[in-house]
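Undergrad: This is the structure, below, for whatever I ask next.
All of the numbers you see were taken from the coordinates with simple rules; none came from a lab. Here the structure is a predicted model, which means the values were calculated and not measured. Cβ placement follows ideal geometry from the backbone for every residue including glycine, while neighbour counts extend to all protein chains displayed.
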Amino acid sequence: MPPRAPIRRALCALLLAAPAAPAAGQDERADVVHLLQRATYGARPEDVAAAIASGRAAWLEGQLHPVTIDDSGFRARLEPLAAATLPLDALFSAYPTPRAKRERAGAADSLARRRLRDEMRAAGEASPRRIGAELAAARLQRAVYSERQLESVMTDFWFNRFNVFWGKGLDRWLVPDYEREAIRPHVFGRFEDLLSATARHPAMLVYLDNARNSTPDVNENYARELLELHTLGIDGGYGQADVEAAARALTGWSIAFRGEVPEFRFRPALHDAQEKRFLGHTLPAGRGIEDGEDVLAILARHPATARHVAHDLAQAFVSDDPPRGLVDRLAQAFLDTDGDLREVTRALFTAPEFFAAEARNAKVKSPFELVASALRLTAAEAAAFNGTFQYLRAAGELPYGARDPIGYPETAEAWIDGGAMLERMNLALALGAGKTRGVEIDVAALVDEARDDGYFHALAERLLPGGGAARVVAVVSADVAGGASAPTASAERALGLILGSPEFQRR
Amino acid sequence: MAIERRMFLKQGGLALLSLGLPPGFLARTLFAESRAARTGRTLICIFQRGAVDGLAMVPPFGEDAYFAARRTTSIPRPGAAGGAIDLDGFFGLHPALDPLAPLYEDGELAIVHACGSPHPTRSHFEAQDYLETAAPGDRRVRDGWLNRALSATSCACDGRTLADRAAHAADHAAGQAALAEGSPLRGIAVGGDLPLAMRGPVPTLAIPDLERFGIDAGAGRGGARARERGVDPGAEAALAELYRGEEGLIAGAADESFDAIERLRRADPLRYAPAAGVEYPAGPFGRSLRQIAQLVKADVGLEVAFADVGGWDTHQAQGGSGGQLALRLAQLGQGLRALHDDLGDRMADVVVLTMSEFGRTVGENGTGGTDHGHGTCMLALGGPVRGGRVLGAWPGLDRDALHEGRDLAITTDFRDVFAEIVVRHLRAERPDGIFPGHPIDPARFPALLA
């Protein structure tokens, strides 16, 4: 069970925030569906029923304390995906880096090298591509099958906000650990801890080149993104001098190798120990790692950071152009709690703006959200490696494949164009027709066929909890009546059309 | 901006009717032939993804330093066994590019050597992105230069009103040239996903395979292969019905999908067989080129086409006149020659341009290959090209002349090659801003085009 105090606090917050006791029944159901459409990867009927039974606040509270939720079913699905779960030492020995291969080969000629390569291949040592593939598979499995849905959703949000591209050098080995150690443990913790964990993780040090940031050859790459993307934001009131001061403060934040494994190491010899002025603070001369620590601490508490985090959360979870009042509210929650992300997340999912009419169905699903919700709502049995990844690649949202530090976009405009809609519609039809490799959907078992208002209606209501079922059913029925043969064929067509409908693209 | 465009697509009809404009105007505007259909000009970009060795593609056999640096991967001098094809007494063509030699002689093929990005990165992904955004070093630029080029050729009229769609349309109604942004087929990437170079506010399309383009469960990515093209008109009609009457971004984009399908159905590019005697190389690259030729012949209004060809990252066993790289180059040469011969007279309005994110080290590594370098070369082919020349100042391969002491230096910024093509071939009317932070200056053009 979650600790009691936060529950009480949440209930108080909820009672204070709510204008009046909501009319039970349909309104409460709609609120629950709306909450689940944003806080999970798909509001299945059983999820909605459970959240109504326990109450919206209690459901949220449970999700905010993921350790209290049994997730053994999902854990079992992770077992074949070792690369996603192996500790770093084991990962580096299972997937040797080019450097390790060279060292093992010594000064041997190319023939000896080739022999070594063949031996390693025979011994089952795989290419690091396998790590990326298993990691991506694990993310989709988690999104579809984990009971800790909010933790999964927020981990993906924060990873994206502190993005590291899997394909850059050693990051092919480091990203699993980065997500596991630097991101996930902090999504309901303190922002400062999250910031510090990402700043020190070798994955970030490699990705944004801070491992090479040394005096006098200062590399500003990480410092710039730290201010612009991770904390203050582009309009956060800093200047080039602050970027330079932060970069100098972070000189010497580097990596060292323990065997094959890169680890964080502060190298005093590479550190610029002169005095620096950063955002109005003086970082005195003659220090070492404290300079960088001070920079992170200043940034983590800065009002501009609070606003920036608040804006990004509101944009990702409420609307592409979030209401100012909501951003203010979340920024205040951030500042009041010293960046306690559990409190900020609770404030987000209980805010009146979150439940406002204009926020309902206002977000367009990203390609990953589209796939995850389709698999989740159709109760699909999806193999770790399945055909939806080809769609995700085509749509440009392969997990861990965002090259830029800004990560993948959180707004619809970036994901939607003519080609993208064609891919979406064809994905939907393929899923419906059972033509997506590695995905099994039992169409007949999805809903109770004996319902009075018909199978299609039941199917549409299941898949479109946010509304619009009646409109879609009218079109589907006309199409299926027009040329259907076998009942299963029409069910498959109906499923494809519902998944391809405009309603299913939104959440 | 994209929302405005789609709102126009979706709601423009009603909005214009409410302005009291005649329906005939509406038809002309929304279904106007695109600019390419009027000017017939097309740019075909071939991205050699993986960093091609420009020193193997177009070897500088006149330099002793070339042979000194390349013990196993150099291409012998012309006349020797497996020797380069002499172009100008100093540069040669890799013997595997033999199909292109007559085009050089006929003045249709030019080469820009020692060309590339001024950014020093040796990371494939960074350098590819910078080539595709044409904004080296600026990660904030998130759309592609080809998309911006399409935006700059969008409309022949005064760009003053482009930001305001209704006013812009009204200008046209008042007698200006037709609005040309209607076709979603102006920019097409064939054979794969939409590359960054093509992404941006102007609608562009990825066509993984023309034979499978359309609404079809079997065409879904990760689905089984379609039995035949466009087999599911029922599903298409039902989906169109689902999006009819809807408004906003999703519905506008869906309309673009259906519009593209309908235009391709009418133009039916697949009915164009390759010209007599033309044989494209087997494999995805040859297939992409064949389909690009079909789109050009079908007059779908294609202004910019894009295809990828990979396999250039030759760290090991690169080979010389024969071997790994030679095989890739043979495929490239055969493909470009087939495209040229297939398009025939239409090449008068076509420029084909090859590009790669960077070149490779001048010296060889310990595994018979070359590592990530700096400058490389580009091929430009087509009627508008003033060919038969190797362009760009040659920095030489002496140690002092090398970039960071190891790589071919750059004397032509790739943006100046792109800029010349955008201005002189595509006739962009508003080219400023296509190359952020790099103003267009004809004095820097390599003088590729007539």
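Undergrad: Checking a compactness column here: for region A:367-505, what do you get for Rg(Cα) / (2.2 N^0.38 Å), N being the number of residues?
TA: Details: Rg = 15.5 Å, N = 139, 2.2 N^0.38 = 14.3 Å.
For region A:367-505, the normalised Cα radius of gyration comes out at 1.08.
Undergrad: Then there is this: What average count of beta carbons from other chains do you get within 10 Å of the Cβ of residues in A:428-440? Working shown, then result.
TA: Values: counts 4, 12, 9, 4, 3, 8, 3, 10, 6, 3, 1, 2, 0.
Mean shielding by partner chains, rounded to a whole number: 5.
Undergrad: A follow-up question, please. Roughly what percent of Cα-Cα pairs across region A:391-467 reach past 19 Å?
TA: Working: 1624 of 2926 pairs.
More than 19 Å apart: 56 percent of the Cα pairs in region A:391-467.
Undergrad: Using the 2.2 N^0.38 Å rule of thumb for compact globular proteins, work out how region A:26-81 stacks up: its C-alpha Rg over that value, please. Walk me through the numbers before you get to the answer.
TA: Details: Rg = 12.8 Å, N = 56, 2.2 N^0.38 = 10.2 Å.
Compared with the compact-globule rule of thumb, region A:26-81 sits at 1.26.
Undergrad: Something else: Per DSSP H run of at least 4 residues, take -39500 (n - 2.57); add these up for chain A, divide by its residues and hand me the 222 nm value, nearest 500 deg cm²/dmol. Each step should come with its number before you reach the end.
TA: Working: 28 runs with 283 residues, N = 507.
That comes out to -16500 deg cm²/dmol.
Undergrad: Over region B:277-422, what per residue volume does the convex hull of the Cα atoms give, in whole Å³? Numbers along the way, then the final one.
TA: Working: hull volume 18.9 nm³, N = 146.
Hull volume normalised by residue count: 129 Å³.
Undergrad: How large is Rg over Rh for region A:385-432, taking Rg from the Cα atoms and Rh as the Kirkwood inverse mean of 1/r across Cα pairs? Spell out each step's value before the answer.
TA: Numbers: Rg = 11.6 Å, Rh = 11.7 Å.
Ratio of gyration radius to Kirkwood radius: 0.99.
Undergrad: For peptide B:238-248, how many partner chain Cβ atoms fall within 10 Å of a residue's Cβ, on average?
TA: For peptide B:238-248, the averaged partner shielding equals 6.
Undergrad: If you rank B:Ser117, A:Ser501, A:Ser127 by fewest surrounding Cβ atoms within 10 Å, what's the result? Present the calculation step by step, with values, prior to reporting the outcome.
TA: Numbers: B:Ser117 24, A:Ser501 27, A:Ser127 12.
Fewest-to-most Cβ neighbours within 10 Å comes out as A:Ser127, B:Ser117, A:Ser501.
Undergrad: Given region A:157-234, what whole percent of its Cα pairs are spread farther than 15 Å?
TA: Details: 1607 of 3003 pairs.
Distances greater than 15 Å cover 54 percent of the Cα pairs.
Undergrad: While we're on this one: Between region A:36-71 and region B:320-372, how far is it from one alpha carbon centroid to the other, in angstrom?
TA: 56
Undergrad: Would you kindly calculate the translational diffusion coefficient of region A:50-100, applying Stokes-Einstein with the Kirkwood radius from alpha carbon pairs, for 4 °C and a viscosity of 1.567 mPa s, and quote it in µm² s⁻¹ without decimals?
TA: Numbers: Rh = 14.1 Å.
For the chosen part, D equals 92 µm²/s.
Undergrad: In whole angstrom, how far apart do the alpha carbon centroids of region A:350-410 and region A:247-269 sit?
TA: 35
Undergrad: If you wrap a convex hull around the alpha carbons of region A:148-290, what volume per residue comes out, as a whole number of Å³?
TA: Values: hull volume 16.5 nm³, N = 143.
Normalising the Cα hull of region A:148-290 by residue number yields 115 Å³.
Undergrad: What span do the alpha-carbon atoms of region A:293-345 cover on each of the three principal axes, reported in whole Å from largest to smallest?
TA: If we take the Cα atoms of region A:293-345, the spans are 34, 18, 15 Å.
Undergrad: Oh, and also: Could you tell me the center-to-center distance, by alpha carbons, between region A:316-341 and region A:152-191 in angstrom?
TA: Answer, in whole Å: 22.
Undergrad: To make sure I understand the rule: partners must be lysines, Cα under 23 Å from the Cα of A:Lys168, and not fewer than 8 residues away in the same chain. Which ones qualify?
TA: A:Lys101
Undergrad: Which translational diffusion coefficient, to the nearest whole µm²/s, is obtained for the protein assembly as shown from the Stokes-Einstein equation, given a Kirkwood hydrodynamic radius over C-alpha pairs, 4 °C and 1.567 mPa s?
TA: Numbers: Rh = 30.2 Å.
Translational diffusion coefficient: 43 µm²/s.
Undergrad: Next up: Using θ = phi - 60° and the Karplus form 6.51 cos²θ - 1.76 cosθ + 1.60, what ³J(HN,Hα) does each residue of region B:296-313 get, whole Hz, x for Gly and Pro?
TA: 5, 5, 7, 6, 7, x, 6, 9, 10, 10, 9, 9, 9, 9, x, x, 9, 8
Undergrad: Follow-up question, since we're still on this one. Among A:Gln26, A:Val144, A:Ile255, which residue has its Cα furthest toward the positive end of the charge dipole of chain A, with +1 on Lys/Arg Cβ and -1 on Asp/Glu Cβ?
TA: A:Ile255
Undergrad: Could I ask something else about it? Could you tell me the convex hull volume per residue, in Å³, taken over the Cα atoms of chain A? Walk me through the numbers on the way to the answer.
TA: Values: hull volume 86.3 nm³, N = 507.
About 170 Å³ per residue, rounded to a whole number.
Undergrad: Report, as an integer, the average count of C-beta atoms from other chains found within 10 Å of each Cβ along A:492-504. Walk me through the numbers before you get to the answer.
TA: Details: counts 1, 5, 1, 0, 6, 5, 1, 0, 9, 6, 11, 3, 1.
Rounded to a whole number, the mean comes out at 4.
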